[in-house]
Amino acid sequence: FRRVLFRSTFEFTPDAFCVHGMCSSNVIFYQLLLENTWFDQYFVDKACVLCVNIAVLCQILSIKTDDSYQLVLSHNTGDVGDDKLGIGLVSISASPTAVTRDFSLPLINMLGEESMSIPMSQFRAMIVMQAEELCQYLKCLGTIGDEITFDLTADHIQLKVESVVNGNGAITIPFDSLTEFAIVQDEEIHSKFSFALLTKLVTAKISPEI
């Protein structure tokens, strides 16, 4: 996700920690909610919302390659405009050569509280299926073009690709292979997506279903 997302929003409350983000096209959205009981230690006396550069954050977190480090997140409040997210990779190893790493990320200025929230969207259809199955469909059709069209009605689900150079391709997905399907009554949907963006989402392996 760090290749398509610029920023992540961290929400700290006394009861839970939530991190979420969305790409500028409002196509890819992720959200992770962890109750306070999930952490070894968790202390938040006042709710706050922080926004940081996710690319830099991922680079720092990639340093933690094993369980010999504890991740410590803290909100370091300095002068006005100098708030930072503190990130500590604290070694729990008894080795005398163990190294503890500390970082602080400047916060991204948000234009008002409203810009911190996830946009609410109304969807005309919903499909739930195995991510591996959709990945195979994309792999098959991706050799033809750069964009894929989802044709949805109450009677059929079809993935279509059209290319002047490479021709056309289509896959009709049987309803029995889906975990869940819903569509607004009498609705016909023809939505086009980028193969590259959709493939990144499907191959992220966050969940067996998408």
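The values are calculated or read from the model by the stated rules, or taken from the named source; none is laboratory data. Note that the coordinates shown come from a computational prediction; the quantities given were computed from them, not determined experimentally. Note that we place each Cβ from the backbone using ideal geometry, even for glycine, and neighbour counts take in every protein chain shown. Please note that ligands, DNA and RNA were not included when accessible areas were found on the heavy atoms of the full protein model with its side chains. Shrake-Rupley method; radii C 1.70, N 1.55, O 1.52, S 1.80 Å.
Values as computed for the structure displayed
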| read-out | value |
| --- | --- |
| Sole exception among (1) exposed (fewer than 11 other Cβ atoms within 10 Å of the Cβ); (2) out of contact with any strand residue (DSSP E or B) (no Cβ under 9 Å at 6 or more places or on another chain); (3) modelled with pLDDT under 80 for V4, by number | (1) |
| Checking K64 against (1) surrounded by 13 or more Cβ atoms within 10 Å (Cβ to Cβ); (2) modelled with pLDDT of 85 or more; (3) not β-branched (V, I, T), the condition it does not meet | (2) |
| Pick from the stretch 168-180, criterion free of Cβ contacts under 8 Å to residues at least 40 places away in the same chain and in contact with a strand residue (DSSP E or B) (Cβ under 9 Å, 6 or more places away or on another chain), ranking: surrounded by the fewest Cβ atoms within 10 Å (Cβ to Cβ) | P174 |
| Test: residue in the stretch 152-166 that is closer than 23 Å to Q31 by Cα and open to solvent by less than 40 Å² (accessible area, probe 1.4 Å) | no |
| Residues that are farther than 21 Å from S207 by Cβ, among the hydrophobic types (A, V, I, L, M, F, W, C) and open to solvent by less than 70 Å² (accessible area, probe 1.4 Å), drawn from the stretch 130-151 | L141, I144 |
| Of residues in the stretch 181-201 being closer than 18 Å to A125 by Cα and either among the aromatic types (F, W, Y) or not in a strand (DSSP E or B) (or both), the one least open to solvent (accessible area, probe 1.4 Å) | L198 |
| Residue, farthest from the chain's Cα centre (by Cα), within the stretch 106-129, restricted to residues that are at pLDDT 85 or above and open to solvent by less than 70 Å² (accessible area, probe 1.4 Å) | A125 |
| Hey, L134 of a type outside the set (S, T, N, Q), at pLDDT below 85 and not in a strand (DSSP E or B) or not | no |
| Matching option when the condition is aliphatic (A, V, I, L, M) and modelled with pLDDT under 85, among L201, L141 | L201 |
| Residue in the stretch 42-53 that is modelled with pLDDT of 80 or more, touching a helix residue (DSSP H, G or I) at 6+ places or on another chain (Cβ under 6 Å) and closer than 20 Å to L107 by Cβ present | yes |
